[in-house]
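Each remark here refers to the structure printed beneath this line.
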Amino acid sequence: MPPIAEPAPVADAARGNFVDRHAPNWLKPYARLARWDRPIGWQLLVLPCWWSSVLASGAAGSAWPDLGHLALFLAGAIAMRGAGCTYNDIIDRELDAGVARTRSRPIPSGQVSVRAAKIFLVLQALVGLAVLLSFNGFAIIVGLASLGVVAAYPFMKRITDWPQSVLGLAFSWGALMGWAAFYGSLAAAPLALYAGGVLWTIGYDTIYALQDKEDDAIVGVRSTALLFGERAPLYVGFLYAGAVAFFALALVLAGAGPIAYAGLAAGAVHLGWQVARIDLADGALALRLFKSNWSFGLILLAGLVADGLVG
């Protein structure tokens, strides 16, 4: 049997990524469909889970977070981010075909059929379900409640200028999950953390959407990047400021110590640096700034972990 030819890479992934270098040719289209070649998605999805889990353990007086929970959240984030991207690409296959950055993706380029993508979606969702069932009953209910928001997201860019707000509701859900998995309930602290996560997500995804403004306008895709226009840096700054305020409120409500606040302050400086660097005409810079939110998340996480260890 002749070897399978290497599928053409997608235009919006960095060359020489892990999938391009190491995945077998038969797997590459599916790995790209799940965005395994772009880890920033699952990184941003898992951060609120980790923040919430560490915040919950600190509020309970535990020096160490539940490492088992952190590992489960990581596995769940990778699986569900892949499932979400697969679902999104199935729904958006015609729109993706009309945008230069996305027309080379596996479905519009013909590398993966819609039927095969649906099967792959189910397999990833089953992995996510297995992770979810590892938690307590209350956390399971909270996790299942997110599915409606996730299902609605791909359609929002067609009907509202604020699709990033729905993405924020979905991507920040982990701020509720970490606390729910630890306590089997919710409280004001994770709700404040969730609100901050939503604003943070709208801000960073507005930066991400700056890459596609021209193509989005042509194909009729709506976004906060188009809505804000030339004032996008100002509005992203407001969104980030609101996120920091809600994160600070979450720390207050959880009884966090000074190191956690120091971590948040350092993270706020990073967010301010992002806003100062925004160039509406530089899509490559917008992508780099978007990806730098992994650094922001790790700064905040480090402050929370260190605060628990010292406290």
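Here is how the numbers come out for the structure above:
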| read-out | value |
| --- | --- |
| Identity of the residue in the stretch 159-169, buried (at least 22 other Cβ atoms within 10 Å of the Cβ) and touching a residue at least 60 places away in the same chain (Cβ under 8 Å), that ends up nearest to residue 60 (Cα to Cα) | 164 |
| Subset of the stretch 133-147 that is of a type in the set (A, V, I, L, M, F, W, C), assigned to a helix (DSSP H, G or I) and touching a residue at least 24 places away in the same chain (Cβ under 8 Å) - its residue that is farthest from residue 85 (Cα to Cα) | 138 |
| Any hit, the stretch 261-268, residues being under 22 Å from residue 56 (Cα atoms) and among the hydroxyl-bearing types (Ser, Thr, Tyr) | yes |
| Sole exception among (1) hydroxyl-bearing (Ser, Thr, Tyr); (2) without any contact (Cβ under 8 Å) to a residue 40 or more places away in the chain; (3) under 17 Å from residue 47 (Cβ atoms) for residue 208, by number | (2) |
| When residues of the stretch 14-42 are limited to those that are modelled with pLDDT of 90 or more, part of a helix (DSSP H, G or I) and of a type outside the set (A, V, I, L, M, F, W, C), the one nearest to residue 283 (Cα to Cα) | 41 |
| Candidate set: the stretch 153-171, residues that are within 18 Å of residue 41 (Cβ to Cβ) and among the hydrophobic types (A, V, I, L, M, F, W, C); chosen: the one nearest to the chain's Cα centre (by Cα) | 171 |
| Meets criteria (of a type in the set (Phe, Trp, Tyr) and more than 21 Å from the chain's Cα centre (by Cα)) for residue 138 | yes |
| Some residue of the stretch 213-224 being within 18 Å of residue 44 (Cβ to Cβ) and surrounded by 15 or more Cβ atoms within 10 Å (Cβ to Cβ) | yes |
| In the stretch 225-237, residue farthest from residue 167 (Cα to Cα) [restricted to those that are of a type outside the set (Gly, Ala, Ser) and crowded, with 16+ Cβ neighbours inside 10 Å] | 233 |
| Contacts under 7 angstrom Cβ, first residue in the stretch 82-109 being under 21 Å from residue 150 (Cα atoms), partner among the small types (Gly, Ala, Ser) and assigned to a loop (DSSP other than H, G, I, E, B), 6 or more apart | 82/34; 85/34; 86/34 |
| Selection status of residue 150, farther than 21 Å from residue 26 by Cα and either acidic (Asp, Glu) or in contact (Cβ under 8 Å) with a residue 60 or more places away in the chain (or both) | yes |
| Residue 256 vs. criteria modelled with pLDDT of 95 or more and buried (at least 21 other Cβ atoms within 10 Å of the Cβ) | yes |
| Listing of helices (runs of 4 or more DSSP H) fully contained in the stretch 151-238 that carry 2 or more residues being over 23 Å from residue 304 (Cα atoms) and aliphatic (A, V, I, L, M) | 163-171, 188-209, 213-219, 224-228 |
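One line per residue, one yes/no per condition, for (1) in contact with a Phe, Trp or Tyr (Cβ under 7 Å, 6 or more places away or on another chain); (2) at pLDDT 95 or above:
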| residue | (1), (2) |
| --- | --- |
| 244 | no, yes |
| 247 | no, yes |
| 266 | no, yes |
| 290 | yes, yes |
| 306 | no, yes |
| 310 | no, no |
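One line per residue, one yes/no per condition, for (1) within 18 Å of the chain's Cα centre (by Cα); (2) closer than 23 Å to residue 20 by Cβ; (3) assigned to a helix (DSSP H, G or I); (4) of a type in the set (S, T, N, Q):
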| residue | (1), (2), (3), (4) |
| --- | --- |
| 69 | no, no, yes, no |
| 78 | yes, yes, yes, no |
| 89 | yes, yes, yes, no |
| 112 | no, yes, no, no |
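The values are calculated or read from the model by the stated rules, or taken from the named source; none is laboratory data. None of these values were measured; they are calculated from a predicted model. Neighbour counts are summed over all protein chains in view; Cβ atoms, including those assigned to glycine, are modelled from backbone coordinates with ideal geometry.
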